[in-house]
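What follows is a set of notes on a single structure, which appears directly below.
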Amino acid sequence: MNIILLGPPGAGKGTQARFLCDDRNMIQLSTGDMLREAKTSGTEMGKRVAEVMDRGDLVTDEIVIGLIREKLQGDKKGGFIFDGFPRTLAQADALGELLQEQGEALDHVVELQVNDEVLVDRIVGRAAEAAAAGQPVRADDNEESLKVRLMAYYKQTSPLVGYYYAKGDLKSVDGLGTMDAVKGDIAGILDA
Ligand code: AMP
């Protein structure tokens with residue numbers, strides 16, 4: 001089973017993806033994690049995307065599609081969870097083609113619905129918690145980058161809600177509940 005977790009920054013996509021990996025042996029494909037890894041390891045690509053990411057803007061479709069293409073050729077285990085990808089209509093089209101090439105299909109697109117004030121609180125809270133625990137704070141978890149990230153979501157990514165609705169793949173869950181409640185709602189969709 002292959003699914004997309006769709007939603008704005010701070011909606012809980014990463015948290016829910018990790019639950020699904022643990023419970024269902026699925027593979028989390030987070031383009032954000034891959035890009036951060038490239039940034040820290042100082043690869044050529046990592047250096048090129050650092051500034052764009054820190055600002056909160058999206059990196060080019062070409063780069064992220066390339067990252068995903070590579071991963072789809074590896075072990076599929078219990079299926080893929082696309083977390084933070086696709087983020088543009090071009091990426092969504094590309095994902096459809098890549099899956100088809102692999103003889104795979106997209107089973108569900110799960111939209112985590114939240115409101116903007118909660119997002120800002122969650123992200124600011126995530127940064128404060130990391131700082132208090134002596135852990136690295138994401139360079140883009142600050143108020144200025146957050147505004148850019150939210151704008152990128154509304155301008156470039158939110159059209160995907162309509163795109164997948166029209167394809168008949170969209171399922172929406174209330175992302176404002178507790179982690180366990182959201183997890184239960186997602187399980188309900190995957191097990192239906
Ligand atoms: P995330 O961890 O998903 O919040 O992603 C962090 C940052 O990585 C984003 O703000 C973008 O700069 C970049 N990024 C991650 N995934 C994508 C994507 N699918 N397309 C473009 N940029 C991305």
* To do: Name the residue, out of Asp140, Asp180, Asp57, whose mean-square fluctuation peaks in a Gaussian network model built on the chain with Cα pairs under 10 Å.
  => Asp180
* Put +1 on the Cβ of each Lys and Arg and -1 on the Cβ of each Asp and Glu in the chain; which of Tyr153, Pro9, Ala128 then has its Cα farthest toward the positive end of the dipole? -> Ala128
* Considering every pair of different Cα atoms, what Kirkwood radius, in Å, is found for region 31-72? -> 10.2
* Asked: Amide H neighbours of Ser158 under 5 Å, counting only residues 5+ apart in sequence or on other chains, H built in-plane at 1.01 Å?
  -> none
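Step through the table entries Lys39/Lys71; Lys71/Lys155; Lys13/Lys147; Lys39/Lys183; Lys13/Lys155, compare each Cα-Cα distance with 22 Å, and write down the pairs that go over it.
Lys71/Lys155; Lys39/Lys183
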* To do: Would you list the P(r) distribution for region 147-192, with all Cα-Cα distances sorted into 5 Å bins from 0 and each bin expressed as a whole %?
  => 5, 19, 17, 18, 23, 15, 3, 0
* Contour minus end-to-end for Asn142 and Lys47, with contour as 0.36 nm per residue of separation and end-to-end as the Cα-Cα distance? -> 32.2 nm
* Relative compactness, the chain, computed as alpha-carbon Rg over 2.2 N^0.38 Å -> 0.99
* Asked: Where does the chain land at 222 nm, in deg cm²/dmol rounded to the nearest 500, when only DSSP H runs of n ≥ 4 count, each adding -39500 (n - 2.57), divided by all residues?
  -> -17500 deg cm²/dmol
* To do: Kindly put Val110, Val137 in sequence by how many other C-beta atoms sit within 10 Å of each C-beta, fewest to most.
  => Val137, Val110
* Choice from Glu97, Glu70, Glu111 showing the highest fluctuation, given a GNM over the chain with Cα pairs closer than 10 Å -> Glu70
* **Reachable aspartates and glutamates, given that their alpha-carbon falls under 15 Å from the alpha-carbon of Lys167 and they are not under 8 places away in the same chain** => Asp93, Glu97, Asp107, Glu111
* To do: Could you tell me what fraction of 2.2 N^0.38 Å the Cα radius of gyration of region 52-152 comes to, as a two-decimal ratio?
  => 1.27
* Backbone HN-Hα couplings from phi across region 155-165 [Karplus 6.51/-1.76/1.60, Hz, Gly and Pro as x] -> 7, 10, 9, 4, x, 5, 4, x, 4, 7, 5
* Structure fact -> Computed on Cα atoms, the radius of gyration and Dmax of region 76-131 in angstrom are 15.8, 44
* To do: Would you look at the GNM of the chain, springs on alpha carbons closer than 10 Å, and say which of Thr43, Thr60, Thr31 moves the most?
  => Thr43
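Each reported figure results from applying straightforward, stated rules to the coordinates on display, with no laboratory input. Just so you know, these numbers come straight off a predicted model, no measurement behind them. Note that we place each Cβ from the backbone using ideal geometry, even for glycine, and neighbour counts take in every protein chain shown.
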